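Notes for the one structure printed next.
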Amino acid sequence: PKWKRGENVRLVRTEEQYQAAAKLFCEGRRTICAGNWTAEYCAGLREEAFLAQLKAEKKEGWACYLHTTKDVPDGMVSVDHKTGRIEHLFVAADARGKGIGQKMLDFARKKLSEHAHPVLSVLDTNTRAIALYRRMGWKLTGQTDMKFTPEKCDGVVRPCALLWMRYEG
């Protein structure tokens, strides 16, 4: 996809960039959790926890990228060059539907050029993301991870699970 004027993607390096990414991470996670977890659980998700997670992942070799439009952070994605994994693809609510998610996923996949078939995980109830990924050449692997049920997980109101997808081109 072509980048529009004023759009930019940068490797997250500064504290300000990490805080912007953590804010997007938190907003995105709340959106994905809505309907599957209780409102109280979603409200309890905090930027500080996601900031700590992003910094810990950096120490493990992950690279986080921040998308901005006219210097306003509106998307993020993380990649792990060791394993060929893409995670944390989130777009700000007011920026959805503008192709940013597609651009970020394509960007992340190209960053993992050493992996012919990178992988990502997606919540099975996130049908909008699954549809986008399929249109872009990703296929479900059949592998399911981390099943969330009300009996096993606090705050879960609707059973769901992480699905794995692999890029097939």
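The values are calculated or read from the model by the stated rules, or taken from the named source; none is laboratory data. Because the structure is a prediction, the values reported are computed rather than measured. When we count neighbours, we look across all protein chains shown, and the Cβ atoms used for this are built from the backbone with ideal geometry, even at glycine. We work out accessible area using only protein heavy atoms, side chains counted, and drop any ligands, DNA or RNA first. Shrake-Rupley method; radii C 1.70, N 1.55, O 1.52, S 1.80 Å.
The alpha-carbon of LYS147 sits under 14 angstrom from the alpha-carbons of these aspartates and glutamates, leaving out residues fewer than 8 places away in its chain: ASP124. I'd like the distance between the alpha-carbon centres of region 97-143 and region 1-62, rounded to an integer number of Å. One Cα centre to the other: 17 Å. The residues of the chain expose, per residue, 56 Å² of accessible area to a 1.4 Å probe. Loop-located GluC sites (Glu not before Pro) in region 35-77 (DSSP state not H, G, I, E or B) with no more than 13 neighbouring Cβ atoms inside 10 Å: GLU60. Taken along its principal axes, the alpha carbon cloud of the chain reaches lengths of 46, 35, 32 Å, longest axis first. Annotation for region 108-160: trypsin sites (Lys or Arg not before Pro) lying in DSSP loop with at most 14 further Cβ atoms inside 10 Å of their Cβ are LYS152.
Cross-link partners for LYS70 among the lysines, with Cα-Cα distance under 19 Å and sequence neighbours closer than 8 places in the same chain left out: LYS2, LYS4, LYS23, LYS98, LYS103. Length gained on full extension, ALA49 to LEU140, computed as 0.36 nm times the residue gap minus the Cα-Cα distance: 29.8 nm.
Rolling a 1.4 angstrom probe over region 84-164 with all protein chains present gives an accessible area of which 49% lies on carbon and sulfur atoms.
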